[in-house]
Amino acid sequence: MIVDAGRQRIPLRRDTVDLAALVRRLDLVLLLAAGALVGYGLWAVSGITRFDVPGDPNYFVVRQAIAAAVGGAGLVLAAVIPTSLYRRHWRAIYVGAIGLMVVVFAFAEAIRGSKRWIDLGPIQFQPSEFGKVLFVLAIAGFLVERQRELGRLTTVATAIALGVAPMLLVFLQPDLGTALVYVAALSAVLFVAGVRWLHLALLAGLAVTLALAVLWFLPASGIEVLKPYQTARLTGFANPDADPSGLTYNVKQSITAVGSGGLDGRGVSEASQTRFDYLPEHATDFVFASFSEQRGFFGTAILLLLYLLVVWRGLRVVTVAGDLYGAVVAGGVVFAFLFQVFVNVGMTMGIAPVTGIPLPFVTVGGSSMVANLVAIGILQGIHARGRAGDLLR
């Protein structure tokens, strides 16, 4: 929209969106890659869960498809909402993220010792999954609002303090894996925002020291920060033979499943590790191992290439973003996504600790599916407005 100011024609910034222009400027490669991941994930789930519910082989895949449809609507909505709206209202977004975490403690029922899910009758959702997206939007808004002060350690410390609150609430659910995703997202937004290398190095050193204290120094002094099973998960991958029938049993079975898949997999019916439940949590934590057993190297290679395509296009969004806020948000979203893929795949092969992090678009769980599709929508919105300039912001 243009208005006259004397002889000068000035573009008028607005929060309304030209939908036709927005659609033309979407990253079609990213959109198609995300769509392919959704379809490929549904196909994977249909095989992995075929024998989980007697008499209803499509139980889980139908629920996953419904979540994908809801996530698709969320993707469209997230792409349409102007990124400037997120930036201006980052405080409200932050409060909303904190509120989601607090609601869990107030209303969620404990399932296997954890309060992570809120049950609303036919709908059950995990607030911490949606909190990942809100977390990035809020911390990025704080950093961009103070971009001239990013060289000060006090600014960085304040950003970390804001990040620690939701991390701690997620950790106390307890959900160590998701808390680690928040840490990865925070590290990415600090880096993309332009925090000084010295400050990043200090933070890295502090993180390593804290990890060593939690895992070894404090327990040696009689102070247990983590629950015993969490400590065993984090340290067991380094010595899987120490407890082959206990907490490292899952990893042993997972490695067996991955190896037995060979080049082209054993198929759905012959995948004994998955079909006969020798591999626990085969539709959630160890879904990649189950898929490897059924579809083999070729099937998993296609999946990993699709992930690579999404990450590549996501990093491209960082470079074409029209402002610093868009770049910081895109960086946080993409790195959190990559972190989840790396850790989940790594833990199925014994090269990363078992943390319960879901595999995007494949792990059975509606909250993860919807949250990841919303994140793709945010990337699409940043891409479109970065190429379009002021008129779409």
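The values are calculated or read from the model by the stated rules, or taken from the named source; none is laboratory data. Bear in mind the structure is a predicted one, so any value in this text is a computation, not a measurement. Ideal geometry is used to build each Cβ from the backbone, glycine not excepted, and the neighbour counts take in all protein chains shown.
For every residue, the table says whether it meets (1) under 20 Å from the mean Cα position of the chain (by Cα); (2) among the aliphatic types (A, V, I, L, M); (3) within 13 Å of G41 (Cα to Cα); (4) assigned to a helix (DSSP H, G or I).
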residue: E281; (1), (2), (3), (4): yes, no, no, no
residue: A289; (1), (2), (3), (4): yes, yes, no, yes
residue: E293; (1), (2), (3), (4): no, no, no, yes
residue: F298; (1), (2), (3), (4): no, no, no, yes
residue: A301; (1), (2), (3), (4): no, yes, no, yes
residue: L306; (1), (2), (3), (4): yes, yes, yes, yes
residue: V310; (1), (2), (3), (4): yes, yes, no, yes
residue: R313; (1), (2), (3), (4): yes, no, no, yes
residue: R316; (1), (2), (3), (4): yes, no, no, yes
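Residues in segment 28-56 that are in contact with a helix residue (DSSP H, G or I) (Cβ under 8 Å, 6 or more places away or on another chain) and over 15 Å from H282 (Cβ atoms): V29, L30, L31, A33, A34, A36, L37, V38, Y40, L42. Anything in segment 274-292 that is modelled with pLDDT of 90 or more, farther than 24 Å from L176 by Cα and polar (S, T, N, Q)? List them, or say none. S292, the sole residue that qualifies.
Could you please find all residues in segment 305-330 being aromatic (F, W, Y) and free of Cβ contacts under 8 Å to residues at least 40 places away in the same chain?
Going through segment 305-330, the residues aromatic (F, W, Y) turn out to be 307, 312, 325.
Correct list: W312 only.
Could you grab me the full set of residues in segment 22-81 that are under 22 Å from the mean Cα position of the chain (by Cα) and without any contact (Cβ under 8 Å) to a residue 40 or more places away in the chain? Listed by number, the residues that qualify are L28, L32, G35, G39, L42, W43, V61, A65, A69, A73.
Of the residues making up segment 338-352, those that are surrounded by fewer than 24 Cβ atoms within 10 Å (Cβ to Cβ) and closer than 22 Å to Q126 by Cα are L338, F339, V341, F342, V343, V345.
Please give the helices (runs of 4 or more DSSP H) falling wholly within segment 71-163 in which 3 or more residues are surrounded by fewer than 15 Cβ atoms within 10 Å (Cβ to Cβ). Quick ask: steps written out before the conclusion?
Working: elements: 83-88, 90-107, 127-145.
Those helices (runs of 4 or more DSSP H) span 90-107.
Restricting segment 172-200 to residues that are among the aromatic types (F, W, Y) and in contact (Cβ under 8 Å) with a residue 40 or more places away in the chain, which is surrounded by the fewest Cβ atoms within 10 Å (Cβ to Cβ)?
First pass over segment 172-200, keeping only residues among the aromatic types (F, W, Y): 182, 191, 197.
Filter again for in contact (Cβ under 8 Å) with a residue 40 or more places away in the chain, leaving 182, 191.
On the way: Y182: 26, F191: 15.
Among those that are among the aromatic types (F, W, Y) and in contact (Cβ under 8 Å) with a residue 40 or more places away in the chain, it is F191.
Report the residue count in segment 347-381 for those that are of a type outside the set (S, T, Y) and assigned to a loop (DSSP other than H, G, I, E, B).
Residues in segment 347-381 being of a type outside the set (S, T, Y) and assigned to a loop (DSSP other than H, G, I, E, B): 15 in total.
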